[in-house]
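A quick write-up on the structure given underneath.
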Amino acid sequence: FEKDFMRLFEPMMKVLLTYFEKQGYKDPMVEMRLLFAILDGIGMHYIVDPEHFPLNEAINRIKEIYIKNNKS
């Protein structure tokens, strides 16, 4: 299962790692793994309680955290 999982997510992990590197994060690998953990948690909470989980607010908060000023 682990190998199949990694084959599925490896391309996205590489994209995120590159993003965090270009954004100048101190440890891009940690940020990439942290974001995946956050997304796992959001997914689990949404599955368990979709009527009450604030999905849109969680998405907006992730954007606030990880999308730095890309206006330049």
I'd like the trypsin sites (Lys or Arg not before Pro) in segment 6-58 restricted to DSSP loop residues with at most 14 other Cβ atoms within 10 Å, sorted by number. Lys26
Fraction of accessible area attributable to carbon and sulfur, the chain (%, probe 1.4 Å): 61
Extended-chain gain in nm, criterion 0.36 nm per residue less alpha-carbon gap, Ala37 and Lys63: 7.8 nm
Loop-resident sites, segment 1-57, for chymotrypsin sites (Phe, Trp or Tyr not before Pro), counting at most 12 other Cβ within 10 Å (DSSP): Phe1
For the chain, what is the accessible area per residue in Å², given a 1.4 Å probe and the full set of protein chains? 84
Please list the three semi-axes, largest first and in whole Å, of the ellipsoid equivalent to the chain, using sqrt of 5 times the eigenvalues of its alpha carbon gyration tensor. 23, 19, 9
Solvent-accessible area of Leu8 with every protein chain in place, 1.4 Å probe, in Å² to the nearest 10: 120
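The values are calculated or read from the model by the stated rules, or taken from the named source; none is laboratory data. It should be emphasised that the depicted structure is a prediction, and the values quoted were computed from it without experimental measurement. In this analysis, Cβ positions are derived from the backbone assuming ideal geometry, glycine residues included, and neighbour counts consider all displayed protein chains. The accessibility values were calculated without ligands, DNA or RNA, using every heavy atom of the protein model including side chains. Shrake-Rupley method; radii C 1.70, N 1.55, O 1.52, S 1.80 Å.
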